[in-house]
2 protein chains.
Amino acid sequence: MKDFGSIGPTVRIGVIGLGGRGRDHVKRFAAMKDVAVTAICDNWQPNIDRTLEEYFTGPDALYPDATRPATTLQYQELLERSDIDAVCVFTSWETHMRIAMDAMLAGFPTCMEIGAGQSLDECAELCRVSRRTGKPVMPLENCCYDEKEMAILNMVKKGVFGELVHCRGAYCHDLRDEVGLGDRQHHYRQPHFFHRNGELYPTHEMGPIAKYLSIGRGNRIISVSSIASNARGLGLWLAKNRPDLAGVRPTEGDVVTSMLKCANGETILLTHDCTLPRPYSRGGCVQGTKGIWQEDGNLIFLENRTNSAKESFAHKFEDAAPYLEEYDHPLWKTYRDAESRLVVGGHGGMDYLVDRAWIESVQDGVEPPLDCYDAATWMAITVLSEQSVAMGGMPQAMPDFTNGAWLTRGPVPGMWSCDQIPS
Amino acid sequence: MKDFGSIGPTVRIGVIGLGGRGRDHVKRFAAMKDVAVTAICDNWQPNIDRTLEEYFTGPDALYPDATRPATTLQYQELLERSDIDAVCVFTSWETHMRIAMDAMLAGFPTCMEIGAGQSLDECAELCRVSRRTGKPVMPLENCCYDEKEMAILNMVKKGVFGELVHCRGAYCHDLRDEVGLGDRQHHYRQPHFFHRNGELYPTHEMGPIAKYLSIGRGNRIISVSSIASNARGLGLWLAKNRPDLAGVRPTEGDVVTSMLKCANGETILLTHDCTLPRPYSRGGCVQGTKGIWQEDGNLIFLENRTNSAKESFAHKFEDAAPYLEEYDHPLWKTYRDAESRLVVGGHGGMDYLVDRAWIESVQDGVEPPLDCYDAATWMAITVLSEQSVAMGGMPQAMPDFTNGAWLTRGPVPGMWSCDQIPS
């Protein structure tokens, strides 16, 4: 295994999209000794100014010694530069794929933030462009690198749950104030909540689940069916807090439930629940022939290990914490050891890890651990769920974006792999 | 409100079906001072013998002073008796409705145990027979009378959760040993697990949810979509524990997930999960515009009451116990006060309450709190989910068994009502 946190050849990056999430990535990349942020772009000048001010030029700039990146309002200009090695796309949901494709067509290995997919054709096009150009695009799904999800991945791949049968995940996050206070032009979620109705944010939970179930590498999702509840929460919130938007009737159902079927027979349940008052949860659940883990409460039951009465009515969950510690993922072990040398990333560390996974794939010129097929499949769930809701819950077929390659593709090798556990 | 636990005119009952569950009901009915168990029937003599022995004639019989009930192997004989006022049907899943219809046609108010429905036509026929004969049939769904579910019902009807948007329920119960050790002839579940694939046991969770959402009385379920995971757990168990059945390949998916849509826009999620190692749960969840309750962990979040940071990421659940106490259902208050006078029922008291609810409806000659439409709708979910699984998750239309009456039917009145809270 490569030394974690080692400094490789410098990667010069161009960053497109400097909203809150984009600036957050810039902050981490600029802190890496082997990354140079050469150019930045946003179509809204205040985002450029704020990025420069906070990190490069302001009186309290975090990186006053770094070279000041070039700036532009036109991402096409950035893609024409000869002083960048790779491109990051952190724009709005509806522009991620389009700009990522332009970046690959311009010859750059690319990463992009995730979110809702827009159309099946665009998802397929992303894969066609990546294949045709030979340039990879990595979706930066941070939850694939979360401490908890990686420990569960370790347990899954070591067979602790037996054969997997069913997984659940959710994006339960009361976003009424965030979505409500934004504006259509500059908040990436707002127009989607006002006009769409489906599983708008599947990747946080789907990313880790896809890796547990080897989606794209020996397994695939074959169908998606969804129903949506009434849309009440956001409209009530707007009526109370945004008099200027009091007439808006958001279309996104408060709770959108999706059922997915896999080629190998497993089922997946996803929940999108963002406009009602409730605590945050990614609602993870992994269930197999030997036991079950539930994220809410961090509970586990393993048939041959949980100290519980044999009689079925008396089975009791136990605290999963000791198991998560026992199955701590090797990447997290080394990350914690190296932490003093590194900028600790957002969201507890997973943001750093996913960014670093991409940078090292660029340095090494290898396939990134997450690729165009992951991005296309996970983001297509939004489109399929939307179609299914519109058709009363009719199941929608998931295209095989790999054109049959999933039957024989093996796991990504290396320390950053989410497909297998590095020894 | 009628005095709880008062002794009314004696109700003479005939009981058909004396398996474990049937004997359990006989035990409670025989203990009621205003109920006489006049006749009992089972098509398997050992069940009759055991009932007599345990309750009426054995050296340790519970009710040695009670009159010994008449017995028969043929339920038609029981239905011809002139010394019974009402009939109980506690037979196998596939005979509940047929025998209940025969009982109504013979002129008796009837109750029946619940379980999986067999066909949509039979569900509709149950309602037609009840209408035509003017005799009610009450499904004895005990969970409608559980302490917890009744407190939640109280909260729902008092608007604590605001407008309801989404409900969840589950039957998560590791039944491998129970189903596996049975035999096809005398275990009611086994043949269904060996040959069917759907939501086999919806009523425990659907009963309370139907009452929260006023199903059949101003609202109705319009569609059911289901998917089933692989069926692995029971087959593995049989291979290990039942060499004589090692060749059996059960068809029932380990986890069957069903999504239901209601006419008024609410959605319901049901889970059937009975053949994997896991703790018991009915997985209840009630979610509305003002907050959420989750049964697992007994957690609650109410926007205007839960003491939690305002920022959405920091919302935290709190313990629901004080709320369940505050909203204790009036029926449970009086039940606990009266408990010393009563036989305490099984499953914490709900079994007594549901049995008593039926007996008092017979005594008073009034509509029972649960009726043919409840039975038909809840049990039809099994049939529809089975069809949906067979069709790859295609949504199935729920028939309106009330023929339009749901649009105007109001709540059942009285102390036993699950539709409104008695004042």
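For the stretch A:20-62, the set of residues classified as over 17 Å from A:E77 (Cβ atoms) and aromatic (F, W, Y) consists of A:F29, A:Y55, A:F56, listed by residue number. In summary, B:H187 fulfils each of the numbered conditions (1) of a type outside the set (A, V, I, L, M, F, W, C); (2) touching a residue at least 40 places away in the same chain (Cβ under 8 Å); (3) over 21 Å from B:R409 (Cβ atoms); (4) surrounded by fewer than 22 Cβ atoms within 10 Å (Cβ to Cβ) with the single exception of condition (2).
Yes/no matrix, rows are residues, columns are (1) touching a residue at least 60 places away in the same chain (Cβ under 8 Å); (2) closer than 30 Å to B:E178 by Cβ:
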| position | (1), (2) |
| --- | --- |
| B:G8 | yes, no |
| B:I16 | yes, yes |
| B:A30 | no, yes |
| B:T51 | no, yes |
| B:F56 | no, yes |
| B:Y63 | no, yes |
| B:A66 | no, no |
| B:V89 | yes, yes |
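Out of B:A397, B:A375, B:A405, B:A390, one residue alone is touching a strand residue (DSSP E or B) at 6+ places or on another chain (Cβ under 7 Å), open to solvent by 10 Å² or more (accessible area, probe 1.4 Å) and of a type in the set (A, V, I, L, M). It is B:A397.
Only a single criterion out of (1) within 14 Å of chain B (Cβ to nearest Cβ); (2) open to solvent by 10 Å² or more (accessible area, probe 1.4 Å); (3) out of contact with any Gly (no Cβ under 6 Å at 6 or more places or on another chain); (4) modelled with pLDDT of 95 or more is not satisfied by A:L181, namely (4).
Checked against (1) surrounded by 24 or more Cβ atoms within 10 Å (Cβ to Cβ); (2) modelled with pLDDT under 95, B:P208 meets all criteria but (2). Mind checking which residues of the stretch B:252-263 are in a loop (DSSP other than H, G, I, E, B) and closer than 15 Å to B:E199 by Cβ? Selection gives B:E252, B:G253, B:D254.
Screening the stretch B:122-174 for residues that are crowded, with 21+ Cβ neighbours inside 10 Å and of a type in the set (V, I, T) and picking the one that is farthest from the other protein chains (Cβ to nearest Cβ) gives B:V137.
When each of B:P395, B:P399 is tested for being assigned by TED's automatic domain parsing to the domain that holds B:S229, touching a Gly at 6+ places or on another chain (Cβ under 6 Å) and at pLDDT 95 or above, the lone residue that passes is B:P395. Out of everything in the stretch A:242-263 that is buried (at least 20 other Cβ atoms within 10 Å of the Cβ) and of a type in the set (D, E), what residue ends up being farthest from B:P277 (Cα to Cα)? Only one residue tops the list, namely A:E252.
In the stretch B:211-239, which residue that is touching a strand residue (DSSP E or B) at 6+ places or on another chain (Cβ under 8 Å) and away from every other protein chain (no Cβ under 13 Å) is farthest from B:E147 (Cα to Cα)? Step by step, filter the stretch B:211-239, then rank; the result is B:R220. Residues of the stretch A:191-210 that are of a type outside the set (G, A, S) and either within 14 Å of chain B (Cβ to nearest Cβ) or within 17 Å of A:R232 (Cβ to Cβ) (or both): A:F193, A:F194, A:H195, A:R196, A:N197, A:E199, A:L200, A:H204, A:I209.
Among the strands (runs of 3 or more DSSP E) confined to the stretch B:1-108, the ones with at least 3 residues that are of a type in the set (V, I, T) are located at B:11-16, B:35-41.
Within the stretch A:55-90, being over 27 Å from the mean Cα position of the chain (by Cα), closer than 17 Å to A:R28 by Cβ and open to solvent by less than 20 Å² (accessible area, probe 1.4 Å) holds for A:F56, A:A61.
The values are calculated or read from the model by the stated rules, or taken from the named source; none is laboratory data. Keep in mind that what you see is a predicted model, and the values were worked out from it rather than measured. In this analysis, Cβ positions are derived from the backbone assuming ideal geometry, glycine residues included, and neighbour counts consider all displayed protein chains. SASA here: full protein model, heavy atoms, side chains in, ligands and nucleic acids out. Shrake-Rupley method; radii C 1.70, N 1.55, O 1.52, S 1.80 Å.
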